[in-house]
Amino acid sequence: MTSSTTGVVAGERFAALREHAEAVYAAWRHPERPRIDVAIDTSSLASGAGATRAALERVAADRNAAVDLGRNHGYGMQWLQPLVTITWPDGTSVLYGPVRPEDAPSIVDEATGRVGAAAALASGVLAGDRPGIPSVREHPFFANEPRERRLLRNIGLTDPESLEHYIGSGGYRAVGRMLERHQQPEQVRQLLIDAALTGRGGAYFPTGVKWNFLAGAPTDERYLVCNADEGDPGAWVNRVILEGDPHLLIEGMVFGGFATGARHGFIYIRDEYPLAVERVDQAIRQAEAAGLLGEDILGSGFRFTLEVIRGAGAYVCGDETGLLSSISDMRGQPRIKPPFPAVSGVFFKPTNVNNVESYSNAPFVLRNGPEWYQAEGTEEMHGTRLFTFSGDIPRAGFMEVPFGTPLPALLEACGGISGGRGLGALQSGGPLGSLLPGAVLPTLDTTLNAFRAHGGSLGSGGMIFMSDETCPVHFNEFIADFVEEESCGRCTTCHHGNQRMTEVFRRIIDGGGRREDRHNLEMIDTTIQNSNCQHGQLSPTVMRNTLRHFAPTYDAHVAGHACPTLTCEGLTRFRVVDQSDPRLPEAVDICPVDAFRGAEGDWEILDDRCIRCGACTDVAPRGVAREPVPARPALVPVG
Ligand SMILES: Cc1cc2nc3c(=O)[nH]c(=O)nc-3n(C[C@H](O)[C@H](O)[C@H](O)COP(=O)(O)O)c2cc1C
């Protein structure tokens, strides 16, 4: 076949797929009878979506109700999970949450015509109009999202397990067009360069430039890798795409394969994301069956295949070179760079590694062009990015915002700090990222430079807001423990350096801080810079931020042997302050180490047994209080 014939074939095959898919998707949006979709994703399941769905099925069956049950992905408001959507035949669609099993009768009532039965659970209108219920787009949580979502355009509005929904809503169209019109690989790469799309894994390196590196490799055996390891605590942006719109990633990787000459790709998903593994795997099979992946995509002669690799739970395998080792059946240890992956990657062959969100942006750039892409964002950073928000906030969830969005506006969208408290610290970018004090919030926006100005990093999408009741020194012990535990052990600087850092913080929170600790921590920081990989090199960042931004709190722990927030175990004790609190017996019962002694009306807590877990104050806040341990005699500095 000539290239013009293959182009016609690709165009015709895609047109046939599209026609069928559009009909299926139109029927989903205007069902013959009301449909109740339960959000099925990791966070909804953790909130009880399985039980909610079972209750809805039971109620619908018992009543022989004229409704169908379906599935979608949560819309972003994770504090309202389990979320449920009702779609009526006229196309009106309303989101409800949190929907508990006991709410199933009112949801079924609402779906089958008793308007208002579930009004108290309504969270917003997704499509059409429902008197008395505002559009979900008017919810303050989404105040900073662009008018039209990009990466999240299908989230909550399609069945993530349906290829037809993806194609019917515009998906794979640019692939069809690219193959029909014989776009050249260099044209595709140039579009990404013109858009200035940058990688979303944390380093923000230009994606098109990276694709050029691989395209220039002097061999035909090249690979594409998607980094879906997402190990940062507090980040689940990649999971949203993997579970909520897996074909978006696949489409982005098809472009990557075409543009770089790679013929096979690996999607490396962390093992802790079983639903993501299942959905991406299923989406690959669907794309293969439809001729969108395989030996001869849409009859064009272009070959590209994909497979899922399950990670094994090592944080360093998120580092691109650790990930390459892991895929190559080697121990999950990072490699020294250079050589860079474009020279020596999977099985030591030229490879391109990108994050899930980086690949997922490509279809939008190719569908709509670089100018459209750059219409959102700033001069410094173009486009949008997904963020997940968690911590001491009433509204945890995910959203897509343009680069440059002010952080104070994002905290406001999340409802501020719970209980009217102040913002103590902002943690971004995971354990290798940053810890910045609440005081700098007004100067922060979602750009690299804003964070760098304070010695921090924007990171890969996870943002944790901590109240002023959080102890930054205690948090450092958690981070030090994490980076030590996750060190691959290959270089002594990282492995032992992080052990020493953990020991110092553990001693400080235990009440044994010493004056020379700051000097020792700074020395560890300098030494760890000599580690072979970025895990080691970046592991002291949170500690460095703490010594710089939280110096008075750090000094209070070390010089004053006091924890201002009464968090640190060795500097805090628990006392029974009100023997008449009727909840005290519950507090006594809940104590896991039997630290309560005495009898009703005469309880005391034994310091040497108490592990400072705080369960008793949670149960009986009036009866039990935290207080500082009495001052100790000054310790004699060593050395
Ligand atoms: C210890 C460590 C863990 C990392 N974890 C991830 C991860 O989970 N996902 C990711 O995309 N990048 C992670 N990175 C960054 C990757 O090494 C790499 O820069 C990224 O995958 C490149 O993709 P991008 O250009 O699309 O951002 C990690 C880096 C380090 C040092």
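Couple of notes before you dig in:
- Span-like helix ranges in the chain, DSSP H, alpha carbon extent 18 angstrom or more, Kyte mean at least 0.5: 246-260
- If you model region 260-375 as an ellipsoid using its alpha carbon gyration tensor, with each semi-axis the square root of five times an eigenvalue, the axes come out at 25, 18, 16 Å, biggest first.
- Hydrodynamic radius (Kirkwood) for region 384-467, which is based on Cα pairs only, to one decimal in Å: 12.4 Å
- Normalised contact order of region 335-398, rounded percent, pairs of Cα under 8 Å and 6 or more residues apart: 13 percent
- Computed over region 384-467: relative contact order in percent, which uses C-alpha pairs under 8 Å that are six or more apart: 37 percent
- Ranking of 382, 182, 535 by neighbouring Cβ atoms within 10 Å, starting from the fewest: 182, 382, 535.
- DSSP beta bridges confined to the chain are antiparallel in about 60 percent of cases.
- Gain on full extension, evaluated as 0.36 nm per residue between residue 510 and residue 203 minus their Cα-Cα distance, stands at 106.9 nm.
- Size of region 37-88 as Cα extents on the principal axes (Å, biggest first): 31, 22, 13
- Cα-derived Rg to Rh of the chain, Kirkwood definition: 1.01
- For region 523-580 versus region 287-311, the gap between their alpha-carbon centres in whole angstrom: 50 Å
- Look at the alpha carbon pairs under 8 Å that are at least 6 residues apart: their mean separation over the length of the chain gives a relative contact order of 11 percent.
- Taking a point 7 Å out from the Cα of residue 219 in the direction of its Cβ, none of the residues of region 353-372 has a backbone N less than 14 Å from it.
- The share of Cα pairs per 10 Å bin across region 246-296, counted from zero up to the longest distance, runs 24, 55, 20, 1 percent.
- Distant-in-sequence amide H partners of residue 516 (H built 1.01 Å from N, under 5 Å): 638
- Neighbour counts of other Cβ atoms within 10 Å put 165, 557, 496 in the fewest-to-most order 496, 165, 557.
- Per-residue Cβ neighbour counts within 10 Å put 372, 88, 236 in the sequence 372, 88, 236, beginning with the fewest.
The numbers here are math on the coordinates, done by the rules we state, and not lab data. In this text, all values refer to a predicted model and were calculated from it rather than measured experimentally. Please note: Cβ atoms are built from the backbone with ideal geometry, for glycine as well, and neighbour counts cover all protein chains shown.
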